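Peer 1: What follows is a single structure, and I will ask about it in a moment.
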Amino acid sequence: MRNKITIVGAGFVGATAAHWCAVKELGDVVLMDIVEGMPQGKALDLLQAGPVEGYDLHIVGTNDYKDTANSDVVVITAGLPRKPGMTREDLVSTNAKIIRSVMENVVAQSPNAIFILVTNPLDTMTYLAKQISGLPRERIIGQAGVLDGARMRAFISMELNVSVENIHAFVLGGHGDEMVPLARYSTVAGIPITELLPADRVEAIMDRTRKGGGEIVSLLKQGSAFFAPSASTIQMVEAILKDRKMILPCSVYLEGEYGLSDICFGVPVKLGRQGVEQIIQIDLTEEEQAAMDKSAALIRSSMAALEL
Ligand code: APR
C-alpha cells in the first residue's frame, strides 16, 4: 500500500510541498484548495513532470474533501501569508477561521492521520487545531523549528564557508520574532559556534535567523517564503512516513515540559510513524529559559485572540 499525503492549500507553500513529496516519492499526493481548477491544474502539471523526473505517483487536485479520505499525513498550508510590515500574529483571526473549517473537514475524512500545521501564526494555529479536533498531541504537529534551524544553518554556512551538511542548529520556542536560537547547541562538525565565532557574529546570525521570514517578505513584496518552508515540512513528513525517529524541533502541545503547559511551542521531538514519539528535554541556562518564557508570552498573546 502506498502512503497517501494530503496537502490542504495549493498555494506557494502547498504546491511546492507537493513537488518535494513527488521528487522524494513519499506517496500519492492530494492537493486540496477552495479555488476551483487551481489545485487540479497544479496537480496535473506535477503529474506530467513524472515521466521526466521518473516518479510514478498518483497526484490529484481537488476541491472536495472526500478525495482526501484515509490519508496517512495531512499537511495544512491553507490561509493568508504575511504582507510587508505584518507580523505573523497579525494573521490570527483570518487564519483561525480557515483552520477551523479545514480541520473539521480533514479530520472527518482521515481521523487516523498525522496532521502537520504550516499556516501562521504557527504555534497558535497548531494549538487551535489541537483544541478543536481533540486529537492526541502526538498527531498534531506544527512546522517551524526545522525551517528556523535551516535558516540559521544557511547563515552559519555563509559566515564560515562550510558545507551546510556539517552544520546543525537548534531554534526552539515560538515561530515569531521572539524565537529562541540556541548558539550553544548549534555546531559545525560538532563544535559549538560559540567557539568558532566572536560573540557579535553569533548574535548577528541569531538576529538574522529571528527575522529570517520577514527578510524574505520584504524582498518579495507580496507573499512569504515557500521553498524552505515546504522543504522543512516535507522533511517532517518523510521522518514520519519512513519511521525515521528523527529529532527535529517542532511545535507541540506541552504538558509541563520546559515549564510550560497548555500551549503549542517549539521543542525538540522524536518523529516517527506514530507522530511525536518523544519530547526531548535539554538543559537550558537561566538566560535561555528566560528567552523561552518571553517567546511563550508572545504566543499566548496571539492565542488570546482565539475564540475557543
Ligand atoms: N480551504 C482550503 N484552502 C484554502 C482555504 C480553505 N478554507 N482558504 C484559503 N485557502 C488556500 C488559498 O486558496 C491559497 O491557494 O490557501 C492557499 C494559500 O496559499 P498562498 O496564498 O500562496 O500562501 P502560502 O505562501 O502558500 O502560505 C500559506 O503558510 O507559511 C504559511 O504564513 C504562511 O499562513 C501562510 C501559509
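Peer 1: Looking at Leu46, Leu57, which is the one that is in the same structural domain as Ala129 (by TED's automatic domain parsing), closer than 14 Å to Lys4 by Cβ and open to solvent by less than 30 Å² (accessible area, probe 1.4 Å)? Talk me through it step by step, then tell me what you get.
Peer 2: On the way: Leu46 fails: closer than 14 Å to Lys4 by Cβ.
Criteria check complete, one pass: Leu57.
Peer 1: Moving on to the next point. Anything in segment 16-42 that is away from the ligand (no atom under 13 Å from the Cβ) and either within 18 Å of Asn63 (Cα to Cα) or in contact with a Lys or Arg (Cβ under 9 Å, 6 or more places away or on another chain) (or both)? List them, or say none. First the steps, then the outcome.
Peer 2: Here is the first cut: in segment 16-42, the ones away from the ligand (no atom under 13 Å from the Cβ) are 20-29.
Passing the criteria: Leu26, Gly27, Asp28, Val29.
Peer 1: Would you mention how many residues in segment 73-93 are open to solvent by 40 Å² or more (accessible area, probe 1.4 Å) and either within 13 Å of the ligand (Cβ to nearest atom) or touching a Leu at 6+ places or on another chain (Cβ under 9 Å) (or both)? Explain how you work it out, then say what you get.
Peer 2: Of the residues in segment 73-93, the ones open to solvent by 40 Å² or more (accessible area, probe 1.4 Å) are 80-81, 83-87, 90, 93.
When the remaining residues are screened for being either within 13 Å of the ligand (Cβ to nearest atom) or touching a Leu at 6+ places or on another chain (Cβ under 9 Å) (or both), the result is 80-81, 83-84, 86-87, 90, 93.
Qualifying residue count, segment 73-93: 8.
Each row is one residue, and each column tells you yes or no for (1) on the phi < 0 side of the Ramachandran plot; (2) assigned to a helix (DSSP H, G or I); (3) buried (at least 20 other Cβ atoms within 10 Å of the Cβ); (4) under 17 Å from the mean Cα position of the chain (by Cα).
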site: Ser186; (1), (2), (3), (4): yes, no, yes, no
site: Thr194; (1), (2), (3), (4): yes, yes, no, no
site: Leu197; (1), (2), (3), (4): yes, no, no, no
site: Asp200; (1), (2), (3), (4): yes, yes, no, no
site: Gly223; (1), (2), (3), (4): no, no, no, yes
site: Pro229; (1), (2), (3), (4): yes, yes, yes, yes
site: Thr233; (1), (2), (3), (4): yes, yes, yes, yes
site: Tyr258; (1), (2), (3), (4): no, yes, yes, no
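Peer 1: Of the residues that sit in segment 103-123 and are within 9 Å of the ligand (Cβ to nearest atom) and open to solvent by 10 Å² or more (accessible area, probe 1.4 Å), which one is nearest to Ser302 (Cα to Cα)?
Peer 2: Ranking the qualifying residues of segment 103-123, first place goes to Asn120.
Peer 1: Now for a separate question. When only residues in segment 240-256 that are without any contact (Cβ under 8 Å) to a residue 40 or more places away in the chain and touching a Gly at 6+ places or on another chain (Cβ under 7 Å) count, which is least open to solvent (accessible area, probe 1.4 Å)?
Peer 2: Here the residue is Asp243.
The values are calculated or read from the model by the stated rules, or taken from the named source; none is laboratory data. Not measured: the values here are computed from a predicted model. Backbone-built Cβ (ideal geometry, glycine too); neighbour counts: all protein chains shown. Surface areas here come from the heavy atoms of the whole protein model, side chains and all, with no ligands, DNA or RNA. Shrake-Rupley method; radii C 1.70, N 1.55, O 1.52, S 1.80 Å.
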